[in-house]
1. Any idea which residue in segment 144-182 is modelled with the lowest pLDDT, counting only those that are among the acidic types (D, E) and more than 13 Å from V112 (Cβ to Cβ)?
2. Which one of these is on the phi < 0 side of the Ramachandran plot and modelled with pLDDT under 90: R113, R87, R80?
3. Out of contact with any Gly (no Cβ under 7 Å at 6 or more places or on another chain) and either free of Cβ contacts under 8 Å to residues at least 40 places away in the same chain or not assigned by TED's automatic domain parsing to the domain that holds E166 (or both): does that describe K111?
Amino acid sequence: MTRKNERIRAPKIRVVLPNGEQLGVMTPREAVAKAKSIGLDLVEIAPNADPPVCKIVDYGKWKYEQAKLKKSSRTKNASRLKELKFRVRTDTHDYNIKLARGEKFLSDGHKVRVQLQFRGRENAHREIGFEVMQKIKEDMITMAHVDQEPRLNGRAIVMVFSPLPEQQRKPRFTKFHVEDHEDPDDDHDDHDDLHDEDHDDLQDGEDDGDGGETKAPAEAPAEAEAPAAVDEPAEPAEAGESGEAGEEKAVAGGEGS
């Protein structure tokens, strides 16, 4: 508890003015009288010093500033658990970027949780995932020590790092540009994993189907038959020709009779 004014019990104290200038060593009674003469308070700021150090301040304002400094220091020193996500087939470029991001987290004093997610058929070869995690462990050894060794957790392998003391840290991947955009693997959800498994199961079914026989392509539909031709009616004879034919028939009839 901070003592002020008449609550200060030391026989002699060193007094400091609001601007930081030292007023000298005196009794608490004398120091309180000087503080009250200018409308301020005498506050004990270093009780373990010899003699204790007291400062003439506005106590309300001083208390607010001290609370603000304490809160800022607590926020700055707070350690958070950051996360990096890998895949079995994470390429070299992305691998380096992720480790550079991990080194930045460790440099800021945060712990880092590394997760390697299996997808589809990768679950049948989990030893490859442990090999990747071992490589990550070896690459981060100059920045962190392992709090939790790689272990299987469902369809993922998990490992946790804590930062080494600041003077022992030796970053190796900071030369790689740490991109500001979010890691696409971090946004990968379980729905995508289920989709990948369904796709793999479908592929297995196709591979195990007809023993590799190739089906004959379906026959093309037969072309539609052309409609049968319709005989057009004969055109009527011209009037002149029909008249001549009639006369010839009349003459033949007369000769017969």
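The values are calculated or read from the model by the stated rules, or taken from the named source; none is laboratory data. Computed from a predicted structure; not experimentally measured. All Cβ positions, glycine included, derive from the backbone under ideal geometry; neighbour counts span all protein chains shown.
1. D180
2. Of the residues listed, the single one that is on the phi < 0 side of the Ramachandran plot and modelled with pLDDT under 90 is R80.
3. Details: out of contact with any Gly (no Cβ under 7 Å at 6 or more places or on another chain): yes; either free of Cβ contacts under 8 Å to residues at least 40 places away in the same chain or not assigned by TED's automatic domain parsing to the domain that holds E166 (or both): no.
When the stated conditions are applied, K111 does not pass them.
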